[in-house]
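This report refers to the structure that appears directly beneath it.
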């Protein structure tokens, strides 16, 4: 009798855990962790950490939540190959990493968290996705709204450890022609230099894809100046 009760409780706990990682429609979700939780897990079982750096006022961050992070293939790739973290770049919480306390830096009416600044190499743009290596020694930030095909490619690049074997452009070339691997290809062509005047920030120049130009040009918080009519891979 006691054994039946025990087994029954075990089944209930298992089902509760399963449903906790699914939405109200029964669709699996990304298993988001705090930064410190992800680091603790990575120290026990080595996996890279995927970090979505956002702010509460960032409109494109919310679009990524609705469109990119609900894609079944993205969810599967993130949960399988990474520890996933959502990091508010303006959180007031103190976060300890590698024995150092990172805190919020007040800048008048706004501010930023020191850890977010470090992870994004001091380029405060939102949203930004960051890949932290499994040994937690290197960070690879990718700024801007990421559509499903682009993030699918990035997850395969870092999740498959290809970043230690080749640069991202070479990886994209190597995937060209593998049908069904990615939804879209981004061929290399003449470079487009785009200058972004980021709200409350300095002008910076990036080399980006044509689709990214379309994404950024629709973002009212950015001003875009196209230098050529061509485009290049990341």
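Cβ crowding within 10 Å, taken as a proxy for footprinting-reagent exposure, orders 66, 123 from fewest neighbours to most as 66, 123. Report relative contact order for the range 28-176 in percent, whole number only (criteria: Cα-Cα under 8 Å, sequence separation at least 6). Contact order relative to length: 27 percent. Residue order for 136, 124, 166, 64, fewest other beta carbons within 10 angstrom first, comes to 166, 136, 124, 64. Apply the a/c threshold of 1.5 to the C-alpha gyration tensor of the range 51-143 and tell me whether it is rounded, prolate or oblate. Oblate, since a/c reaches 1.5 and b/c is not below a/b.
Bear in mind that the values in this text are calculations on the coordinates, not laboratory data. Here the structure is a predicted model, which means the values were calculated and not measured. Positions of Cβ are generated from backbone atoms using ideal geometry, with glycine treated the same way; all protein chains shown enter the neighbour counts.
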